[in-house]
């Protein structure tokens, strides 16, 4: 017996070893992992099988109900799939606890799972809703919305109220990343507003019992929101297009304007020479009488003695920077001299002078102002009525010109040094200059130095007394008119600084061949106006004084003007009592074309021609 | 002279009394209702009642979940704890078909009984749980709230009965509360088991009430076409 014990044990161990070597073992412990009821009337339990121990294993589910002692087996292993147990209606009791256990059995042994205490009341998880429909609808005010509709899952009894269901929908556009979820309560429809037209939207629904678990998300449905171009939209677009067109037009217009102003800055317009009161249109028309009356001539050719005087208008031009040069110097004004800078926008007769130099120098630097240069020449002739006539503009003055020590100062041209003392002009001018000081522009000069002008005029008047005693006085005028012309002239001189060229009227040429001048009365009133009226288009310059009593006048502008002058010169000579002056004028007229120099838009007559001719 | 004065006094007194009686009768004026029918619509009443029952269930469910956290994996404990609910003696329908076969007024009376039967146990629960469990505060607050809401629920159901089934009013079945034993002088484990069972039963009964009322609403108000 005792001898059999060890052998029996050995056999047992051997048997176990063999079975172990074969990999067979009792099954592992199964586990019930989920029980669910879709409608509160049936339920299903699923389990996870444990290891099967290498042998075919049977699983069985047993349960017992609360309050019952007996144990029952699962009525249906098939309906819900493998490893499941389905409890149909007759086997399902609500408000009762089920104690469920799963047994795994194989050849080697069996194992049982832990019991699960289940109350069907609390394990309700429905199926997802069905019949999901999407529709795009419109409200009365053309607002579109998405109308979503669905039905509860088939098996749940919602109608009797046994099952109370709550729903939830979610939607997202095709491009969006996240869903937008909405709780809808117990209703089976929903409206979604403010969706983007032209986009595709996906919608899903799910449901939940009043006390239970949410179902999974139902089948996805999609719909595309149509683009609605209503009339309102097109109207808006039309308005937008019109506005943008208007804005574009405004911008183009602004650019054009600006461009024009820029062009004018770069290439400033060169005004033609003008004489105040001279209307070229009248000239074109050929109505010389009207033209001359416009100029202030009366009954030209003069019919009376008093009208025998040649009436001309001289443009007295004041330049901003007059360079003094010796009278004999024949330098071309525009050459070798730095042009004074003048206000390019000052399109006066004065400006006409400037513009030529502007053209050459592009309005940068002070220019030598040609015109007044005549004065020094006049002044040089010792005795004489240099002062009588304000310098005519002559581009190519052989007349010395004055150089203002400050650029842009439109002062009366001065003779420096010696010359200054020579004539009242200069002294006056000097005084004026001193009084006035440098000015940038004619206008500013005019405005600022009004007083100075007055002073100058006063000084001129004082000077006049001196002058009166001199030959010049007599050379000017014997008449009171003539007497007054000088002071008037003198008065005008400073004025001339301040504004565009002033005009003096040749009142008459007396028997001595003396031109009596007096300023055109209009000019006085226009003292404040820097701009020359555009009608004045003709200038006459004093090219020189001959024989102490001959004033050489030179028209300086266009051919018409010269022609006119020539004409008037021709006419004038008869009125002139001077033979020489007659000749001179004739020669002047004759040589005007020869001597005319054209600088830019302006015509200037070279006084040297005339001097020759006169001599 | 005296008799005249006394007569006058008697008359005035009588008049005063008469007027008082008349006024007293009119102390509770009749409500002004169209057609003399001062009633809230039945659907409105059911909706309000169901809101209360739903809320009460949520409270009891939360209470159970709090308590169950402690014993989640303790199968033995749970096995021991589960015992008959005290209200199981009430013949409440145990399924949909049963419930639909019960007449509405009977079901309403059942609901009344069920809710009534929980007044005392709830009160007991508050005293029993106090200071013992970890989740005692949560349980106590909810228990008190359920007690409050139950009263309002009872009022609502009685109103429905009075309006829809006035003849069945007063047929409530009183019973039950004697089934819960007192927990004093009991050991800790037994106490815990008893508490667990009580809370489990409360949750179930709340669910029953809620479900019955929802059934009734669809049946009475919407004619089984919810």
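The values are calculated or read from the model by the stated rules, or taken from the named source; none is laboratory data. Bear in mind the structure is a predicted one, so any value in this text is a computation, not a measurement. Reconstructed Cβ throughout: ideal geometry from the backbone, glycine too, with neighbour counts over all protein chains shown.
When B:74, B:120 are checked against the criterion of being at pLDDT below 90, within 12 Å of another protein chain (Cβ to nearest Cβ) and within 19 Å of residue B:197 (Cα to Cα), B:74 stands alone in meeting it. Can you tell me which residues in region A:128-148 are free of Cβ contacts under 8 Å to residues at least 24 places away in the same chain and either outside the structural domain of residue A:195 (by the TED database) or closer than 15 Å to residue A:167 by Cβ (or both)? Answer for region A:128-148, where residues must be free of Cβ contacts under 8 Å to residues at least 24 places away in the same chain and either outside the structural domain of residue A:195 (by the TED database) or closer than 15 Å to residue A:167 by Cβ (or both): just A:131.
Quick grid of which residues meet (1) surrounded by 13 or more Cβ atoms within 10 Å (Cβ to Cβ); (2) at negative phi; (3) in the same structural domain as residue A:155 (by the TED database):
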site	(1), (2), (3)
A:175	no, yes, yes
A:188	yes, yes, yes
A:198	no, no, yes
A:203	yes, yes, yes
A:210	yes, yes, yes
A:214	yes, yes, yes
A:221	yes, yes, yes
A:225	yes, yes, yes
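Meeting the requirement of 3 or more residues that are over 28 Å from residue A:90 (Cβ atoms) and in contact (Cβ under 8 Å) with a residue 60 or more places away in the chain, the helices (runs of 4 or more DSSP H) wholly within region B:82-144 are B:104-117, B:119-129. Can you tell me which of (1) over 17 Å from the mean Cα position of the chain (by Cα); (2) surrounded by fewer than 16 Cβ atoms within 10 Å (Cβ to Cβ); (3) farther than 16 Å from residue B:195 by Cα; (4) more than 11 Å from every other protein chain (Cβ to nearest Cβ) is the one residue B:98 doesn't meet? Exception for residue B:98: condition (4).
Just checking, does region B:59-81 include any residue being in a helix (DSSP H, G or I), touching a helix residue (DSSP H, G or I) at 6+ places or on another chain (Cβ under 6 Å) and under 17 Å from residue B:214 (Cβ atoms)? Looking through region B:59-81, at least one residue is in a helix (DSSP H, G or I), touching a helix residue (DSSP H, G or I) at 6+ places or on another chain (Cβ under 6 Å) and under 17 Å from residue B:214 (Cβ atoms). Please verify whether residue A:57 is assigned by the TED database to the domain that holds residue A:191 and in contact with a strand residue (DSSP E or B) (Cβ under 6 Å, 6 or more places away or on another chain), treating the condition exactly as stated. In short, no. Taken together, the residues in region A:93-127 that are crowded, with 17+ Cβ neighbours inside 10 Å, within 13 Å of another protein chain (Cβ to nearest Cβ) and over 30 Å from residue A:162 (Cα atoms) amount to 1. Consider region B:84-94 and keep the residues that are at pLDDT below 90 and surrounded by 15 or more Cβ atoms within 10 Å (Cβ to Cβ). The one that is farthest from the other protein chains (Cβ to nearest Cβ) is B:86.
Of all residues in region B:117-167, those being surrounded by 20 or more Cβ atoms within 10 Å (Cβ to Cβ) and over 18 Å from the mean Cα position of the chain (by Cα) number 3.
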